[in-house]
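Read through the structure below, which is laid out as structure tokens, and then see the notes.
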Amino acid sequence: MAAVAVLAPPASAAIAAAPRPSTYSFPSKPISKIPPLSKITSKLLVSSKTSTSSPSTSSLVEKEERIFFDGGAHYGDLVTNLLLGFTLLWLPLTIAAVSRAFFLRYRFTNRRVTVISGFTGQDRSDFPYSAIKDVQVVPRLIGEWGDIVITLKDGTKVDIRSVPRFRMVSDYCLLMANGASNGSLEQKTGSGPRGF
């Protein structure tokens, strides 16, 4: 008995199906006009009433609110807690990490700090930098992400958990709080020791 290749086409079919030049080709440039991620900027326009020289007239002036950080919990927090969630002991912390990842957003702008939470995103807490008394950080894992504890002037402590780039965000928050209390955003120079 001779072995027959079942999946191979007969020789006459291979000759008849010789490759033809393709009339379709992929475009050399991308079709979409979406800008690269590095060039996408977010701007919020906030309007406020300011009085002009005459007290009876008021005009609407738009001020630009720039976003410094807008994001949710660090992905490493979610992954770490999901891996440790296979133990029954860590399961409640895993559920908390999953809810943080899906239902919590932080936004630091040049005017305020915003914490958006809840299933629909309707729970929102805003406070200006002028209300901040102190900012402390707590690193997590090996310093990849961390928690920021903001103490307000009325004694309220706002705990912002699993923030990526938490040191940079806390430094920005302190700079804006100091600038808001001094009336300007100029960085202090020369006073005090520097270094470690």
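Just need a number here: residues in the stretch 92-109 that are open to solvent by 70 Å² or more (accessible area, probe 1.4 Å) and of a type in the set (A, V, I, L, M). So that I can check it myself, show each step before the final result.
We begin by selecting, within the stretch 92-109, every residue open to solvent by 70 Å² or more (accessible area, probe 1.4 Å); these are 92-93, 95, 102-103, 105.
Right, trim to of a type in the set (A, V, I, L, M) and you get 93, 95.
So the answer is 2.
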Residue count, the stretch 139-178 (criterion: closer than 25 Å to Phe103 by Cβ and open to solvent by less than 60 Å² (accessible area, probe 1.4 Å)): 18
Checked Thr151, Thr87, Thr109, Thr114 against criteria (more than 19 Å from the chain's Cα centre (by Cα) and at pLDDT 90 or above); the one match is Thr151
Selection status of Asp77, acidic (Asp, Glu), under 26 Å from Thr156 (Cβ atoms) and in contact (Cβ under 8 Å) with a residue 60 or more places away in the chain: yes
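Here is a check on your reading of the model: is Leu60 closer than 27 Å to Gly179 by Cβ, of a type outside the set (Lys, Arg) and either over 19 Å from the mean Cα position of the chain (by Cα) or modelled with pLDDT under 90 (or both)?
On the way: closer than 27 Å to Gly179 by Cβ: yes; of a type outside the set (Lys, Arg): yes; either over 19 Å from the mean Cα position of the chain (by Cα) or modelled with pLDDT under 90 (or both): yes.
So Leu60 passes the test.
The values are calculated or read from the model by the stated rules, or taken from the named source; none is laboratory data. What you see is a predicted model, and the numbers here were worked out from it, not measured in a lab. Cβ atoms come from the backbone with ideal geometry, glycine included; neighbour counts cover every protein chain shown. Only protein heavy atoms, including side chains, enter the accessible area calculation; ligands, DNA and RNA are left aside. Shrake-Rupley method; radii C 1.70, N 1.55, O 1.52, S 1.80 Å.
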